[in-house]
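*Asks:* Take a look at this one; I'll ask things after.
The values are calculated or read from the model by the stated rules, or taken from the named source; none is laboratory data. Predicted model, so just to flag it, every value in this text is computed and none were measured. Don't worry about glycine lacking a Cβ; one is built from the backbone with ideal geometry, like all the others, and counts go over all protein chains shown. The protein model used for the area step is the full one, side chains on, heavy atoms only, and it has no ligands, DNA or RNA in it. Shrake-Rupley method; radii C 1.70, N 1.55, O 1.52, S 1.80 Å.
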Amino acid sequence: MFKLNKFRLASLHNLEAGQLIKRNVDDLATAIINLNTDPLIKSYVDKMNADAAQMDLALVKITAQQETKDLELLDIKRDRSVGVTRLQLRIYKNSDDAAEVAAYKTLAIPFKAYGKIEKLNFEEESNAIDNFVQELAKPVYASAIATLNLSGFITRMSNDNNAFKALFSTRSTNVAATVMYDAKTIRKNMINNYIAYCNYVTSLTNATSGLANYQYYLDIFNITNNIRKYYSDALARRTGTKDASTDSSAKK
């Protein structure tokens, strides 16, 4: 009686679960198994192919979400840089130093013109900060900026904006960024189909013993079981437990 190696599918990370399915499909192709010999085998394998593709898209979606999170953090950072620069200027509004007051009044004009940068959307804010920094780089403001020691703040504002733009320009444009993929649901369906496939292969391997098509199912069973042993051993090493193959290897 043939039995498959046992391992806890739920312990696989999403990437590992996807690789498990892909390896089953790839190893069948490598072994030149004729899937058309059994229409149900072909149906299961076609579904595994589709499931693996869906999982890949789901994982890209997760990556895209992480990129969005990183963008939001960089946007917050550049907003703070703009705000700190503006606050630094305001310190001199009521200064008792005539030179500082004069410098404040000179810079108050461009600062007022770009007073709502943080309210703009991502791309508009990127352009606005670039324009703001370019405006402040004009010679007419050089003395005032030096007097109020604002050069470092302006440089930080520019650098933070550039960091945001760098990530924004390379963000994922994969279809997963616009189409919602539920990784949890996709994984559940993928694993359910895989389990059904494994059960079918095991049943037919046992049921055809001594028949003409026995070798066909035995070959598929061995491919499936070898892959399961690999993941069983990998999970055992990860958790530091006894090698699962010791107790659950295929038997006859």
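*Asks:* Below 19 Å, Cα to Cα, which aspartates and glutamates can Lys47 reach? Residues fewer than 8 away in the same chain don't count.
*Replies:* Result set, ordered by chain and number: Glu16, Asp26, Asp27, Asp38, Asp56, Asp182.
*Asks:* Can you work out the accessible area per residue across the chain, with the rest of the protein chains kept in place, probe 1.4 Å, in square angstrom?
*Replies:* Computed with neighbouring chains in place, this is 56 Å² per residue.
*Asks:* Can you find, among Leu40, Ala99, Ala212, the residue farthest towards the positive end of the dipole of the chain? Put +1 on the C-beta of Lys and Arg, -1 on that of Asp and Glu.
*Replies:* Farthest towards the positive end: Ala212.
*Asks:* Stokes-Einstein diffusion coefficient for the range 20-68 at 4 °C in a medium of 1.567 mPa s, Rh from the Kirkwood formula over Cα pairs: what value in µm²/s?
*Replies:* After rounding, the answer is 107 µm²/s.
*Asks:* Any idea what the dipole of the range 1-100 comes to, in debye rounded to 20, about its Cα centre with Lys/Arg Cβ at +1 and Asp/Glu Cβ at -1?
*Replies:* Using only the charged Cβ atoms, the result is roughly 380 debye.
*Asks:* Further question: Where the only charges are on Cβ atoms (+1 Lys, Arg; -1 Asp, Glu), what is the dipole of the range 87-127 about its Cα centre, to the nearest 20 debye?
*Replies:* 180
*Asks:* Could you pull out every one of the lysines with an alpha carbon less than 25 Å from that of Lys165, ignoring same-chain neighbours closer than 8 positions?
*Replies:* Lys61, Lys69, Lys77, Lys112, Lys116, Lys119, Lys138
*Asks:* So if I take the centroid of the Cα atoms in the range 13-39 and the same for the range 101-158, what is the distance between those two points in Å?
*Replies:* Cα centroid of the range 13-39 versus Cα centroid of the range 101-158: 59 Å apart.
*Asks:* If you compute Rg/Rh (Cα atoms, Kirkwood Rh) for the structure shown, which of (i) 1.03; (ii) 1.33; (iii) 1.08 do you land on?
*Replies:* Evaluating Rg/Rh (Cα atoms, Kirkwood Rh) on these atoms matches (ii).
*Asks:* Then there's this: Per residue, how big is the convex hull of the range 1-41 when only Cα atoms are used? Give it in Å³.
*Replies:* 112
*Asks:* Shifting gears a bit: To the nearest µm²/s, what D does Stokes-Einstein give for the range 1-112 at 10 °C and 1.306 mPa s, using the Kirkwood radius over alpha carbon pairs as Rh?
*Replies:* In µm²/s, the coefficient is 79.
*Asks:* Looking at the square roots a ≥ b ≥ c of the eigenvalues of the Cα gyration tensor of the range 82-200, which shape do they give, rounded for a/c under 1.5, prolate if a/b is larger than b/c, or oblate?
*Replies:* prolate
*Asks:* Whenever you get a sec, compute what percent of the accessible area on the chain sits on carbon and sulfur atoms (1.4 Å probe).
*Replies:* With neighbouring chains kept in place, the figure for the chain is 54 percent.
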